[in-house]
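The values are calculated or read from the model by the stated rules, or taken from the named source; none is laboratory data. Just so it is clear, the structure is predicted and the values come from calculations on it, not from any experiment. When we count neighbours, we look across all protein chains shown, and the Cβ atoms used for this are built from the backbone with ideal geometry, even at glycine.
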Amino acid sequence: MSTGIPLNDLIYWIGANDRQTGRFEKLWPIPNGIAYNSYLILNRIAGVFGSYGWSGGAMKELSDFVKCMKWELVEPVVEVKGAATDTDMQACRLLGSQIAQRLRS
């Protein structure tokens, strides 16, 4: 498990570089690949959500990283395969609501 790349004392980059993908959304050429960027700010809470097109697993990695950093992980963790359904969007709205509620407390 990675601990992220520190950008300064409070911010970590925990994204990934994908040099295997040749096209964005199967339409536009990306000859140099693509980067998936996520950031953690210490002494904060975190919500984890995202989508994948093939094997998945990134949300578990991000959740594990959040726990490793001793952050508060706000549920639900939302992992969507392909395009989001109405149910997926409801889960995202619930996550946003939970984060907002936690920030107000």
Which numbered condition A83 fails, given (1) in a strand (DSSP E or B); (2) aliphatic (A, V, I, L, M); (3) farther than 23 Å from L103 by Cα: (1)
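Against the definition (out of contact with any helix residue (DSSP H, G or I) (no Cβ under 6 Å at 6 or more places or on another chain), within 23 Å of Y12 (Cβ to Cβ) and in contact (Cβ under 8 Å) with a residue 40 or more places away in the chain), how does L62 come out, yes or no? Let's see the steps before the verdict.
Values: out of contact with any helix residue (DSSP H, G or I) (no Cβ under 6 Å at 6 or more places or on another chain): yes; within 23 Å of Y12 (Cβ to Cβ): yes; in contact (Cβ under 8 Å) with a residue 40 or more places away in the chain: yes.
Judged against the criteria, L62 is a match.
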Conditions (1) in a loop (DSSP other than H, G, I, E, B); (2) more than 24 Å from G22 (Cβ to Cβ); number of the one not met by S63: (1)
Selected residue (criterion: nearest to the chain's Cα centre (by Cα)) from residues of segment 76-105 that are exposed (fewer than 12 other Cβ atoms within 10 Å of the Cβ) and modelled with pLDDT of 90 or more: R93
Is it the case that segment 20-42 has a residue that's in contact with a Leu (Cβ under 8 Å, 6 or more places away or on another chain), in contact (Cβ under 8 Å) with a residue 12 or more places away in the chain and of a type in the set (A, V, I, L, M, F, W, C)? yes
Filtering segment 50-60 down to residues that are touching a Gly at 6+ places or on another chain (Cβ under 9 Å) and part of a strand (DSSP E or B) yields S51, Y52
So for segment 13-23 (the condition being out of contact with any Pro (no Cβ under 7 Å at 6 or more places or on another chain), within 19 Å of I99 (Cβ to Cβ) and surrounded by 14 or more Cβ atoms within 10 Å (Cβ to Cβ)), does at least one residue qualify? yes
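In this structure, does S55 turn out to be free of Cβ contacts under 8 Å to residues at least 60 places away in the same chain and under 22 Å from I5 (Cβ atoms)? Full working, then the answer.
Numbers: free of Cβ contacts under 8 Å to residues at least 60 places away in the same chain: yes; under 22 Å from I5 (Cβ atoms): no.
No; evaluated as a whole, the condition is false for this residue.
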Would you check which residues across segment 22-44 are more than 13 Å from the chain's Cα centre (by Cα), modelled with pLDDT of 75 or more and part of a strand (DSSP E or B) and list them? R23, W28, P29, I34
Enumeration of residues in segment 61-75 that are over 12 Å from the mean Cα position of the chain (by Cα) and either more than 13 Å from A46 (Cβ to Cβ) or crowded, with 18+ Cβ neighbours inside 10 Å (or both): V74
